[in-house]
Amino acid sequence: MEPVLAHSWNLTEIEAVQLQQELALKVVTDDRLDPVRYIAGADVAYSEQNDKLIAAIVILEAGSLRLVESVTVEDDAQFPYIPGLFSFREIPPLVKAFKLLKTAPQLIVCDGQGMAHPRRFGLASHLGVLFDLPAIGCGKTRLLGDFTTPEFNRGAFSPLVDQDEIIGNVLRTQDHIKPVYVSIGHRISLATACDWILKLAPNYRLPETTRQADQLVNRVLAGSDWGGK
């Protein structure tokens with residue numbers, strides 16, 4: 001898989017912010033999905049000792065959630081650790097990992113934010129726009145926004161709001177378990193994004209895409225000599 005949009009990764013912080021603002025205008029917020037047979041889950045692990053990164057992608061069959069392919073890439077970080085600009089640090093190794101895939105996904109689920117981001121352009125939006133694929137951000141934690149705690153039953157949600165704009169939903173994927181933070185990445189509506197996250201999380205708080213990608217990077221880390229996330 002190759003990106004359909006290319007830009008320089010050798011950017012200053014100011015240039016990266018400007019690029020986010022420009023690319024955010026390309027985000028599509030309604031449903032433009034082809035039939036979804038395969039779903040990609042993406043995760044990146046960091047070394048605590050150096051600038052090494054491990055990017056992992058898993059491909060799950062949409063109906064059964066069966067793992068059909070997985071790839072990992074070890075890389076050196078080329079961009080500093082700056083809140084709000086994580087995609088410039090994490091996407092270069094993820095792009096390398098996507099290029100190794102033999103199975104093309106029709107949907108990407110990211111362990112991170114989409115439009116629930118100060119400039120409405122988090123990791124999921126950046127990946128979605130680069131590959132022009134539907135993408136969902138599903139974060140374990142909130143980056144910004146206010147919300148009312150949703151009811152405690154699976155499927156309950158409340159809007160995540162920033163500056164009077166709904167930027168995502170706070171979604172309960174399991175009864176009486178902490179919610180996740182779902183936002184549009186690209187080419188998908190918020191309602192459809194939440195439906196997919198519920199389908200991908202039949203038994204656990206996190207969607208299987210995130211769980212399996214996270215397990216994969218942890219296995220690679222355990223076998224490395226630099227470790228740490």
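Okay, here's what the table says:
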item: Filtered residue count, region 50-83, keeping only those that are part of a loop (DSSP other than H, G, I, E, B), touching a residue at least 40 places away in the same chain (Cβ under 8 Å) and crowded, with 16+ Cβ neighbours inside 10 Å; result: 3
item: Condition met for Ile166 (crowded, with 24+ Cβ neighbours inside 10 Å, part of a strand (DSSP E or B) and on the phi < 0 side of the Ramachandran plot); result: no
item: Residue selected from region 192-229 under the condition part of a loop (DSSP other than H, G, I, E, B) and of a type in the set (Gly, Ala, Ser), by the criterion modelled with the highest pLDDT; result: Ala201
item: Selection within region 19-49 - of a type outside the set (Asp, Glu), touching a helix residue (DSSP H, G or I) at 6+ places or on another chain (Cβ under 9 Å) and not in a loop (DSSP other than H, G, I, E, B); result: Leu19, Gln20, Leu23, Ala24, Lys26, Ile39, Ala40, Gly41, Ala42, Val44, Ala45, Tyr46
item: Only listed residue being assigned to a loop (DSSP other than H, G, I, E, B), touching a Ser or Thr at 6+ places or on another chain (Cβ under 9 Å) and surrounded by fewer than 18 Cβ atoms within 10 Å (Cβ to Cβ), chosen from Thr141, Thr149; result: Thr149
item: Only listed residue being out of contact with any helix residue (DSSP H, G or I) (no Cβ under 6 Å at 6 or more places or on another chain) and closer than 23 Å to Leu25 by Cβ, chosen from Thr148, Thr192; result: Thr192
item: Long-range neighbours under 6 Å by Cβ, at least six apart or interchain, first residue within 15 Å of Ile57 (Cα to Cα) within region 120-138, second surrounded by 24 or more Cβ atoms within 10 Å (Cβ to Cβ) and among the basic types (Lys, Arg); result: none
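The values are calculated or read from the model by the stated rules, or taken from the named source; none is laboratory data. Just so you know, these numbers come straight off a predicted model, no measurement behind them. FYI the Cβ positions are ideal-geometry reconstructions off the backbone, even for glycines, and counts take in every protein chain you see.
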